[in-house]
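Worksheet for the structure shown next.
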Amino acid sequence: MQQITLGEAVNQALREEMRRDERVFIAGEGVGVSIHSGPGATSGLLEEFGPRRVKDTPVSEAGIAGLAVGASVMGLLPVVEVMFNPFFTIAADQIVNHAAKLRYLSGGKSKFPLVVRIKTGAGIGAGCQHSHNLEAWLAHSPGLKVVMPATPADAKGLLKSAIRDENPVIFIEDIILHWVPGPVPEEDYTIPIGVADIKKPGTDVTVVTWSKALGTAFKAAGQLEQEGISVEIVDLRSLVPLDEATILESVRKTGRLVILHEATRTGGFGGEIAALAAEKAFDALKAPVIRVTAPDIPVPCSKPLEDFYMPNEADLIEAIKRLF
Amino acid sequence: MDNQEKKKLLRMMLLIRRFEEKLVALSKDPQKIGGMMIVCTGQEAAAAGSGAALLPEDVIITNHRSHGHLLAKGAEPDLIMAEIFGRRTGYNKGKSGTLHIAAPEVNALCTTTVVGGGIPIAMGTAFAAQYQQKDYVTVCYFGNGSSDEGSFHEALNMAALWNLPVIFLCENNVYAGAQRMEEHTKVQNIADRAIAYGMRGEIVDGNDALAVYEAVQRAREECLSGAGPVLIECKTYRWGGHGTADEQLYQPQDEIASWKEKCPINKLKADLLQTGALTELDYQQMETEIEQIVDQAVQFAETSPWPDPAEALEDVYV
């Protein structure tokens, strides 16, 4: 099986879907010719598909998102890019008030089959206006689907599903993961949106996580195994729709739940998972539910400060040990 | 435009006028529709004139003051009224109400109440026409206030950059909320902004339905020839307040009166009477027919079923 990075997996999915369906086009800042060196998620697509289908846009996030809304209602399948998650706020009116709501406002008559790809995540030293995980904001907007893959294989299969989905899908890619390789099937395949994946089975505690934090969960689980604690890791992959069944089944099996996410704590999506367990699996819990998250601060620039911001395996191990 | 078409134009303006007047009357009775109605009384020429220049395949994206645009694009008065009444038979099964009606049947694809929010979407529907090499244009209706939004700037810049077939139709009704034009922007004409994007701008007497028709028709041909977007500013006036709950304390009475002198319906009617294309009797008949259409719409709406509360859960996702 090919070993490619998440960025390359996104690239493959885009390329294959653009070959498969003439209605698919991509647009965004630098999706054709980029200011960022090295291979990116859209590298080479301009060369293959030309400027009609690979639209480099002005620096206009609201315009880019509006382009997707308008093009999708006319039957095209836009995949537009918001370069970094904080810039989403400039596009938010188009995504939250329009992409998410216009189908409802049409009484189910219109469809908006668009994908907004957003790069996200701390760890690049760029600071809080480039790094800010806002997935909980998006999950709080009914009408959107929200996907956050952690592995290259999931990214490829989920992006294909997102492009083929008839609803607006927000596809959030961690920028560090863009450079992390993993095995990816070469054939055409999809992974359904809304299905979590048990990345590692275990018996003593459930860790629910998504995106880059999955790697942290694995590191912690490896150490805890040696101390006799068996960790089950549930990778959500999609926040909306949420795979409640897989989460609840795991919690019922282990009786303990820790939620790990890179986003800040207050109002983070971890609270939603905790509430789900409290409402539907309270009887199965042997210990309190714990969230391991970033503190409620903007992402700082300096390396030691940014490292402090990121929840790490030591934080997770410490949290899990409190449950026994 | 021949006399028959001119009479149709007059008829459409009259329909819009009576439809809106009916809403204002009904809104005073909480047993009927209640709430605030946002109406376009006095601005009928911009809606009817532009609508007459469009073909069924042309797309419109409109705003909170939308009823005239929808009617002029061919939307059914019954289905608009039922939507305003919140009934299941309305265009959007009661999900939109008066403010957000979409009528995809006539390519009225989006009514947004976010000021300026429709402008980037119109750029997107126009992009789809270019991408698919289809011969339709998009008309985006917005007010003078919208041109102060960032979305206006981003969308006009992109539309011009890519030569997209979209007509940005600004109805300058002098007010943006409670602010007069000179209180919300330094420029005197919204059309002047066009030059900043490298597109053609044009000022039209927004109370002259024929002038609006001709300007939109020209712009439509320009768009279809690939000559890019056009910004048309229709100078008109909002006879009423922002909505029916607005007491218009900031609008001078003499100003309102002077604009009523320039009533777009009276203007076209007088022109047609003068040329003999219309008789008073014709006009009386037109009034009677329109009264029936509007009464029928209200009756349809009032006798239509309410949606089942559980229907609120439907239509979020495909």
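For the reader, a short list of remarks on this structure follows.
- A single member of A:ALA153, A:ALA162 is more than 14 Å from chain B (Cβ to nearest Cβ) and aliphatic (A, V, I, L, M), and it is A:ALA153.
- Selection within segment A:224-270 - over 18 Å from A:ASP315 (Cβ atoms), within 22 Å of the chain's Cα centre (by Cα), of a type outside the set (Val, Ile, Thr) and open to solvent by 10 Å² or more (accessible area, probe 1.4 Å): A:ARG237, A:PRO241, A:LEU242, A:ASP243, A:GLU244, A:ALA245, A:LEU248, A:GLY267
- Count of segment A:74-85 residues, restricted to those that are away from every other protein chain (no Cβ under 13 Å) and buried (at least 21 other Cβ atoms within 10 Å of the Cβ), is 5.
- Among residues of segment B:1-22 that are within 14 Å of B:MET81 (Cα to Cα), those with a Cβ under 6 angstrom from a residue that is among the hydroxyl-bearing types (Ser, Thr, Tyr), sequence gap 6+ or separate chain, pair up as B:GLU20/B:THR41.
- Any hit, segment B:120-141, residues being among the small types (Gly, Ala, Ser), closer than 26 Å to B:HIS242 by Cα and open to solvent by less than 10 Å² (accessible area, probe 1.4 Å): yes
- Selection within segment A:168-179 - surrounded by fewer than 21 Cβ atoms within 10 Å (Cβ to Cβ) and either touching a helix residue (DSSP H, G or I) at 6+ places or on another chain (Cβ under 6 Å) or within 14 Å of chain B (Cβ to nearest Cβ) (or both): none
- Counting only helices (runs of 4 or more DSSP H) that sit wholly inside segment B:213-318, those with at least 2 residues that are small (Gly, Ala, Ser) are B:253-260, B:280-302.
- Within segment B:27-55, being touching a helix residue (DSSP H, G or I) at 6+ places or on another chain (Cβ under 8 Å), surrounded by 14 or more Cβ atoms within 10 Å (Cβ to Cβ) and of a type outside the set (A, V, I, L, M, F, W, C) holds for B:LYS32, B:GLY35, B:THR41, B:GLY42, B:GLN43, B:GLU44, B:GLY49, B:SER50, B:GLY51.
- Yes/no for A:ILE273 being within 24 Å of the chain's Cα centre (by Cα), modelled with pLDDT of 95 or more and open to solvent by 20 Å² or more (accessible area, probe 1.4 Å): no
- Within segment A:10-44, considering residues that are more than 21 Å from the chain's Cα centre (by Cα) and among the polar types (S, T, N, Q), the one least open to solvent (accessible area, probe 1.4 Å): A:SER34
- Residues that are open to solvent by 40 Å² or more (accessible area, probe 1.4 Å), touching a helix residue (DSSP H, G or I) at 6+ places or on another chain (Cβ under 7 Å) and closer than 18 Å to B:THR113 by Cβ, drawn from segment A:86-108: A:ASP93
The values are calculated or read from the model by the stated rules, or taken from the named source; none is laboratory data. Quick caveat: nothing in here was measured; it's all calculated off a predicted structure. Cβ sites come from the backbone with ideal geometry, for glycine too, and all protein chains shown count toward neighbours. Side chains included, ligands, DNA and RNA excluded: accessible areas come from the protein's heavy atoms. Shrake-Rupley method; radii C 1.70, N 1.55, O 1.52, S 1.80 Å.
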